[in-house]
1. Just how far, in whole angstrom, is the range 1-60 from the range 138-185 if you go by their alpha carbon centroids?
2. Among the DSSP beta bridges whose two residues both lie in the range 4-103, what percent are antiparallel, rounded to the nearest 5?
3. What residues of the range 237-280 lie in the reach of a label at residue 15, counting those whose backbone N is under 15 Å from a point 7 Å from the Cα along Cα→Cβ?
4. Output the peptides 342-355, 43-56, 317-330 sorted from most to least packed, where packing is the average of other Cβ atoms within 10 Å over each peptide's residues.
5. Please give the calculated 222 nm ellipticity per residue for the chain, where each DSSP H segment of at least 4 residues contributes -39500 (n - 2.57) and the sum is spread over every residue; nearest 500 deg cm²/dmol?
6. What full-extension length gain, to one decimal in nm, is calculated for residue 67 and residue 171 as 0.36 nm per residue of separation minus the Cα-Cα distance?
7. In the chain, what percentage of the DSSP-assigned beta bridges are antiparallel, given to the nearest 5?
8. Nearest 10 degrees is fine. How inclined is helix 14-27 to the longest principal axis of the chain, computing both from alpha carbons?
C-alpha cells in the first residue's frame, strides 16, 4: 500500500505521466466508457473525463480512493466517475468499457497480481475492439558491472566491526533482488529480450526463458539488470532501460553469489524464471559462465532464488507444509468469534460490548474491543 507521498512521487514523474497522458489522448474519445485499475488519487480517471469520457469506473481497494473522490469533486467530474473500493477481480460492471487504463507495475511488470488483474479485466470488462493501456511490455536484461551497488548488498555481511561470521545473512542478501539505476556504460554485453507480455492475449502470469550473452568488454560481472519497455499506444512508449530519463520505476538488479572477472568473448547464460505464488512472485536465476576458448568449460555457475533470500523461521515454514495440521491460536479464536458476530444484525458497538463482557481479561473496556472489531470490519465486512 502506497503512502500519499508515494503517490505524489508517481504524479511528479513527468516521464510516466506524459506518456500515459499522450496514450489516453489517442484512445479516449468523447462518449468513451473508461475503466482505470488502481486509480490511487484518481488522476487518470479525472483526465479521462477531461478528454470527454461519458462514464469512468475507477477501481481502488485502498483508502486513497477517498482522496480520489475529493479530487473528482474539486474538478467537477464526480457525476461521471463511479469509484469502487474493491479488488477488480471481486466486482462486476453494468457495461463493457472502451478503454482500460492501468499501471499496476512495481519495478517490473511481473509484480504481485498485476497480470491476473489485467487478464480478468480484459475478459470481463473490455468491449469487443476495446483498447488496453498499456498494450504490451517487453522485458530486457544484460549482465552488469556495478561494484558500488554490489558492495551495498554484501558489504555489511562481510566486513563488520565485531569480526563476526555473518555468512547466513550474506547467503540471503545475494538471493535478493534490488531496485537500481544502471547506466549503459555498466553493461557488459548487448541487452537481450527475455519476455514479451502482450496484454491483449496473455493468459499465464508466469514467465521463463534463457538469456545468452557474448561479453563485449573486459570487466567484473556482479549480476544482471532487468528492465521493461512499455508500448502504451501508437508511437507512445515508456521505458526504464539504462540511460533512459530517470523515472520512478528504476530497474531490477539480480546479484550473483560472488563477482566474476569476465573476459571479452566469454559466454554468460542465465535461465531466468518468475512464478506467481500466492500474492507475489518467486524469482529464480541460474547462471553459467563459459570460457571463450571454445572448450565449453563452465568457469562459474550459480543457482539463486528469491525464496533462498526469504527470512523465514523453521516454525513458520512448518506451518505451510501440506501435512501440517493447523489449530487456531487464541488470537485466531478471538478473530473467529468476532467475525461470526458480524452477522448483519449487530452493530460494532453491540459486538464490542459483548466482547468486553465475555473476554474481560483481553479487553479493559468496550472501546478496546471496538478497536479490534473495527479493524476486522474494515478488512472483511461489506
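1. 36
2. 0
3. 237-253
4. Top of the packing list down: 43-56, 342-355, 317-330.
5. When only DSSP H runs of four or more count, the value is -9000 deg cm²/dmol.
6. The span from residue 67 to residue 171 would gain 33.2 nm if fully extended.
7. Percent antiparallel among DSSP bridges in the chain is about 75.
8. 70
Throughout, read-outs are computed from the coordinates displayed, never taken from laboratory work. Model, not experiment: these values are computed from the prediction. All Cβ positions, even for glycine, are placed from backbone atoms using ideal geometry, and neighbour counts span all protein chains on display.
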